[in-house]
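The values are calculated or read from the model by the stated rules, or taken from the named source; none is laboratory data. Since we're looking at a predicted model, the values are computed, not measured. Every residue, glycine as well, gets a Cβ built from its backbone with ideal geometry; the counts of neighbours run over all protein chains shown. Note: areas computed on protein heavy atoms with side chains; ligands, DNA, RNA excluded. Shrake-Rupley method; radii C 1.70, N 1.55, O 1.52, S 1.80 Å.
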Protein chains: 2
Amino acid sequence: MHPNPCVVLHGGAGNLARYQGTTRLTDAEEFLSSLLDSVYNDLLKGASATEVALTAVRAMEDCGFFHAGRGSSPASNGVVELDASFMDGSTLRVGAVASVTLPRHAIDAAYAVLTRTEHVLLVGAEADAQIRDFGLETVSQEWFTPCDILGAAWEVSSAQLPPMGTVGAVVLDGQGNMVAATSTGGTLRKTAGRVGDTPIPGAGTFAKNNVVAVSCTGHGEFFLRAVAAHTVAMRMELLGETVGTATAMALQSVVTLGGSGGIIAVDHRGNYAMPFSTSGMYRAARNSRQRIVAAL
Amino acid sequence: MHPNPCVVLHGGAGNLARYQGTTRLTDAEEFLSSLLDSVYNDLLKGASATEVALTAVRAMEDCGFFHAGRGSSPASNGVVELDASFMDGSTLRVGAVASVTLPRHAIDAAYAVLTRTEHVLLVGAEADAQIRDFGLETVSQEWFTPCDILGAAWEVSSAQLPPMGTVGAVVLDGQGNMVAATSTGGTLRKTAGRVGDTPIPGAGTFAKNNVVAVSCTGHGEFFLRAVAAHTVAMRMELLGETVGTATAMALQSVVTLGGSGGIIAVDHRGNYAMPFSTSGMYRAARNSRQRIVAAL
């Protein structure tokens, strides 16, 4: 049994300062706090990193607080498009979907690509057809909360705030296995067909046993250009940097390009880091020594 | 003026041994030889790395010898799907398209995403709509050579061989700027909606001035999992490895996962490398000291 299993969650980085003092912020923190303890206890009882990451991301997709799953909002064509990826650090296998509209849980679709195909990334209408063939739970567009309508409201009323933020989980389990999982419903009124870093191995998600598991959130184009998640892994593997230094350096490369966001990561000893360059990032982490839940 | 501008081209890595002794192989080599000299002369006359890479990839897309552009073949749903990416090493900007069906030149669509949008990656039907809006040249499916029909024939007759291989170009120009460009028509009868490494920055394509420009070809899933192109760049940047060592190490990480293929790369001094793990890779390279055109 690994002495220090660890789970780290994020619900997106961004301008959370505008949510300060609202129940939206505290409700989301309470949700994350409860979820964190639940999946950490699963870990202690022997659940695998894969099980814990899927459970955590599914819950964040369903809760409506974050911009993924139920909390997603329509792209420019009025349709909600989902992206997700899952990487297993023990095999370096990856499954991912981009620009799909059907699954209740995009993370399950990503995981099905990993377990049930020889592929890494399936996109668009053909990926939706595959999701039906997999027998995964599908939803109609009405499932998604209408935050495009709320969008007009939250500019004038802090009582109605739209969900915000990609979600992600990185886990080190009791066997020393590491996984990373990330899911998003895009950004509000994004260009239809646009894909960010979330479903891209190396950009939004990366995991390699004995090195690191990483999930990113923020302005996806900049994380793609910086190949941010893989930068964290390479710096740790090639230079021996700590997870704190490597995530800070990778985030700096995003900021240097003009982007913003945050990164969560856990190393093979259960040390974690959660840097962000925005006014806040929904985040939660627990290992044998520490427990943190925060937004700002 | 940089003392050693360099251009390196590939037309795909794979089981080229089966083409040995055929006119298909020698015709493709002659085509690459002529293209190499033409674009190298452009470089000497002051053409930018961007111009040279686009010219070279467009020509390879049009020639029908390779599995990109006109030489593409239908996916499992009978439709040709194209992927391409372009990365400018001077700005680290990237443009890419995946699973599009309309453009004559997928590389132009990728470059238009870079120059005309704030995005990196557009996919599927919505990307096709954007390609129309850009005013790029579009073609009907009849444009693509029917190599799915030839597919039955080439098993029994070496006279009729289907096109093979993703195409790519990496260039260091007289100003010291570096770009990488990659384009593919998928793999024969691939799963519709499947996306490989070609349009993914970090996996199939990467360029960073003063470090390296990289384009990959082969079994895309393995290059995605290995984040192969970015691995080359990180090893050179963080460890100071030569382009030869770094490409060999990155290719080894693909082979370790069970994949095969090849990598072309040029460093900031105009040194290049073209390793492959298959029986052949269409390749061509020229700088002030060397000129190579080969397949096996």
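Rounded, prolate or oblate: which fits the protein assembly as shown when a ≥ b ≥ c are the square roots of the eigenvalues of the alpha-carbon gyration tensor, with rounded for a/c under 1.5 and prolate only if a/b beats b/c? It is prolate, given that a/c is not under 1.5 and a/b is the larger ratio. Gain on full extension, evaluated as 0.36 nm per residue between B:Thr242 and B:Glu30 minus their Cα-Cα distance, stands at 73.3 nm. Between the alpha-carbon centres of the stretch B:44-109 and the stretch B:245-296 there is a gap of 19 Å. Counts of other chain beta carbons within 10 angstrom of each beta carbon in peptide A:224-237 average 5. The residues of chain A have, on average, 33 Å² of accessible surface per residue, using a 1.4 Å probe with all protein chains present.
For chain A, excluding the exposed loop sites themselves (trypsin sites (Lys or Arg not before Pro), DSSP loop, at most 16 other Cβ atoms within 10 Å), the longest remaining stretch covers A:46-188.
For chain B, give me the percentage of DSSP beta bridges that are antiparallel, rounded to the nearest 5 percent. Around 90 percent antiparallel, to the nearest 5.
Could you work out how much longer the chain between B:Arg269 and B:Asp133 gets when fully extended? Use 0.36 nm per residue separation minus the Cα distance between them, nm to one decimal.
Details: separation 136, 0.36 × 136 = 48.96 nm, distance 3.93 nm.
Here the answer is 45.0 nm.
Look at the Cα gyration tensor of the stretch A:1-109: its axes a ≥ b ≥ c give a/c of at least 1.5 with a/b at or below b/c, and that counts as oblate. Between B:Thr117 and B:Asp62, the C-beta separation translates, for a Förster distance of 30 Å, into a calculated FRET efficiency of about 0.75. Gain on full extension, evaluated as 0.36 nm per residue between A:Thr91 and A:Thr23 minus their Cα-Cα distance, stands at 20.3 nm. Across the identical copies, the 7 Å label point of A:Asp133, projected outward along Cα→Cβ, sits 3.1 nm from its counterparts, in ascending order. Projecting label points 7 angstrom from Cα along Cα→Cβ for B:Leu44 and A:Asn15 puts them 5.5 nm apart.
Rounded to the nearest 100, the interface formed by chains A and B buries 3100 square angstrom of accessible surface, both chains summed, with a 1.4 Å probe.
Comment: the Cα-to-Cβ extended label point of B:Ser279, at 7 Å, lies 6.3 nm from its counterparts in the other copies, nearest first. The mean count of C-beta atoms from other chains within 10 Å of the C-beta of residues in B:88-97, rounded to a whole number, is 2. Exposed loop sites here are GluC sites (Glu not before Pro) assigned a DSSP state other than H, G, I, E or B and surrounded by at most 15 other beta carbons within 10 Å; excluding them, the longest clear run of chain B is B:156-296.
Here the protein assembly as shown exposes an accessible surface that is 49 percent carbon and sulfur, computed with a 1.4 Å probe and the other protein chains kept in place. Within straight-line reach of B:Lys45, meaning a Cα separation under 24 Å, sit the following lysines at least 8 residues removed in sequence or on another chain: B:Lys208. Counting Cβ atoms of other protein chains within 10 Å of each Cβ in B:51-60 and taking the mean gives 0. Shown for B:Gly46: label points 7 Å from Cα along the beta-carbon vector, and their distances to the equivalent points in the other copies, 7.4 nm in ascending order. With the Cα gyration tensor of the stretch A:173-268 giving a ≥ b ≥ c as the square roots of its eigenvalues, does the rule (a/c under 1.5 for rounded; else a/b larger than b/c for prolate; else oblate) give rounded, prolate or oblate? Since a/c reaches 1.5 but b/c is at least a/b, the shape of the stretch A:173-268 is classed as oblate.
Solvent-accessible surface (1.4 Å probe) assigned to A:Val57 amounts to roughly 0 Å². Could you grab the relative contact order for chain A? Cα pairs under 8 Å, six or more apart, rounded to a whole percent. 26 percent.
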